[in-house]
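Below is one structure, written out as structure tokens, with a few remarks after it.
Just so it is clear, none of the values below were taken in a lab; they were calculated from the coordinates. Bear in mind that the values here come from a model prediction, so they are computed numbers and not experimental data. So basically every Cβ, Gly included, is an ideal-geometry build from the backbone, and we count neighbours across all protein chains shown.
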Amino acid sequence: MRRTVWIVLVVAMAVGVSSIRSAADGSAEARARGEYMIKAMDCNACHTPWKLGSRGPEPDTSRLLSGHPGKAGFPPPPSLAPGPWNVVTAGNTAWSGPWGISYSSNLTPDEETGLGSWTEKAFADCMRHGKHLGDGRDLLPPMPRYPELTDADLHAMFVYLESIPPVANRVPDPEPRRGTP
Ligand code: HEC
């Protein structure tokens, strides 16, 4: 009887250890895949603020994916003469166009100002359907929609975004259109 209990215990521990290990390997793999996807899809182009480096403008990696700097206090966008040119950007994180002004969101895991309190489902729905928080208002340009991303890829991207350093940066709400952009 005792022997049976021991055998059961040892088997249970072995199963437990191996499932912990496979979960850890799984998320390291997902994180690496997510990092690759976020870089390859160039989310940084719009979601990482840029700074002036020795060779010209470059992404400021100390503020990786932290969105439009809320305290930057940018002046209002210039008015453009009527014609085909109708979008202007400041720092690739603030965008003025026929829709008004949009500001690239903070994608770091900060609880208050980033994706820290988001569920994976909200992230996946937002990316696929272009809705704020997954089921809210339509997201504004130039945020693309990615309807073809698979569950596995969206999971990987979310795992990676949840693993980068949180940056407390409150991005301003978008502003409606005021006259010509
Ligand atoms: C061309 C610029 C651009 C690119 C590229 C871009 N984004 Fe965005 N993104 C934005 C802007 C601008 C907003 C804010 C839109 C709004 O407020 O409606 C935004 C918003 C978001 C939001 C927040 C949505 C919400 O519900 O508040 C998430 C999440 C997001 N982007 C993730 C990504 C990811 C991940 C990538 C790369 C796969 C990416 N974005 C690529 C410009 C961009």
>> I want the local charge near Lys51. Using Cβ-Cβ distances under 11 Å, sum +1 for each Lys or Arg and -1 for each Asp or Glu among the other residues.
In response: -1
> Any idea what the relative contact order of the stretch 61-181 is, in percent, if you count C-alpha pairs under 8 Å spaced at least 6 apart?
Replying inline: 35 percent
> Counting Lys and Arg as +1 and Asp and Glu as -1, each charge on the Cβ, what is the dipole of the stretch 27-169 about the Cα centre in debye, to the nearest 20?
Replying inline: 440 debye
> Within straight cross-link reach of Lys121, meaning Cα distance under 17 Å, which lysines are found once same-chain residues fewer than 8 apart are removed?
Replying inline: Lys131
> Using r as the Cβ-Cβ distance of Ala40 and Leu80, and R0 as 25 Å, what FRET efficiency do you calculate, to the nearest 0.05?
Replying inline: 0.15
> Taking K and R as +1 and D and E as -1, what net charge do the other residues with C-beta under 10 Å from the C-beta of Gly34 add up to?
Replying inline: -1
> What percent does the relative contact order of the stretch 36-83 come to when contacts are Cα pairs within less than 8 Å and at least six residues apart?
Replying inline: 30 percent
> Which shape class, rounded, prolate or oblate, goes with the stretch 101-181 when its Cα gyration tensor gives a ≥ b ≥ c as root eigenvalues, a/c under 1.5 marks rounded, and past that a/b bigger than b/c marks prolate?
Replying inline: oblate
> R0 = 30 Å: FRET efficiency of Thr119 with Glu175, Cβ-based, nearest 0.05?
Replying inline: 0.60
> Taking the Cβ of Ser102 as the center, what net charge do the other residues with Cβ under 10 Å away carry, scoring Lys and Arg +1 and Asp and Glu -1?
Replying inline: -2
>> I'd like the FRET efficiency for Ala28 and Glu112, computed as 1/(1 + (r/R0)^6) with the beta carbon distance as r and R0 of 22 Å, rounded to 0.05.
In response: 0.20
